[in-house]
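Read-outs: derived from the displayed coordinates by stated rules, not from any lab. If you're wondering where the values come from, they're calculated on a predicted model, not measured in any experiment. Here the Cβ positions follow ideal geometry from the backbone for every residue, glycine too, while neighbour counts run over all protein chains shown.
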Amino acid sequence: MSAMGIEERQPPDRPLTVEDLQRMPDDGRRYELVDGRLDMSPAPGSLHTIAEYRLVHHLGTVAPSDFLVVGPVGIDFNAEKTHHRIPDGAVFHGKDFEKPRFTKPPLLAIEVLSPESVLRDTNTKRQEYAAFGIASYWMVNPAEENPAIYELRLEGDAYREAAQVFGTDVFTTEVPFPVSVVPHWLIGMDGDWREHIGGPGGEPQQD
């Protein structure tokens, strides 16, 4: 079934819901909803996938036991289930675990930028995540020449930029828990990333 096919069969006055997404093809693309409209992203590239995996893995390794770190996860932004986003990573309080999908704002949402998602992640999702009440938002740029992490923190109803860290510099934050990350090692292939991703003095990670 094509992405357009599901929309064409719906009455024009009925917004799409999360239940409609269950009928989308398993083709590697990401299907989200914005006010009942389909928002489709192509399958991520290799650098995007590596950065996403390494960051979520690292956060999961250093997170205190009462936190839940997840990779791409569906979150319903409203009770009607017509606004549904899938951040590349998220951190919740363990007590806030829900199934089949999350409905509460995570403590942290992460998006890894790609050429197709830059406008969505830096503009649209920035506004949506702030309105939903996500306290911290990281945007990761897996650029080969100068990878970066941008940390945004919610103040009132909008984000302010708390940090920009590039390359081999160490990004350190206390939110949502103390953690350090070296952007280079989100994609670097010149050594064991698990030994270096947390910066000097960081604990090597175990498989």
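What the phi angles of segment 58-72 give under the Karplus curve with 6.51, -1.76 and 1.60, with θ = phi - 60°, is a coupling list of 4, 4, x, 6, 9, 5, x, 5, 8, 10, 10, 9, 10, x, x Hz, glycine and proline written as x. About its Cα centre, the chain has a charge dipole of approximately 460 debye under the convention of +1 per Lys or Arg Cβ and -1 per Asp or Glu Cβ, with nothing else charged. Since only 133, 78, 68 are under comparison, the one whose Cα sits farthest along the positive direction of the charge dipole of segment 47-146, derived from C-beta charges on Lys, Arg, Asp and Glu, is 78.
Using only side-chain charges placed at the Cβ, +1 for Lys and Arg and -1 for Asp and Glu, the dipole size of segment 116-207 relative to its Cα centre rounds to 340 debye. Modelled label positions at residue 116 and residue 14, each set 7 Å beyond Cα in the direction of Cβ, lie 2.8 nm from each other. Separation of segment 77-98 and segment 137-152, taken as the distance between their Cα centroids, equals 22 angstrom.
Shape verdict for segment 51-118, please, from the Cα gyration tensor: rounded (a/c under 1.5), prolate (a/b greater than b/c) or oblate. The shape class here is oblate.
Under the criterion of Cα pairs below 8 Å and six or more residues apart, the relative contact order for the chain equals 14 percent. From the square roots a ≥ b ≥ c of the eigenvalues of the alpha-carbon gyration tensor of segment 132-207, which class results: rounded (a/c under 1.5), prolate (a/b over b/c), or oblate? Prolate is the answer for segment 132-207, as a/c is 1.5 or above and a/b outweighs b/c. Projection of the Cα convex hull of the chain, averaged over all directions and equal to a quarter of that hull's surface, yields 12.0 nm².
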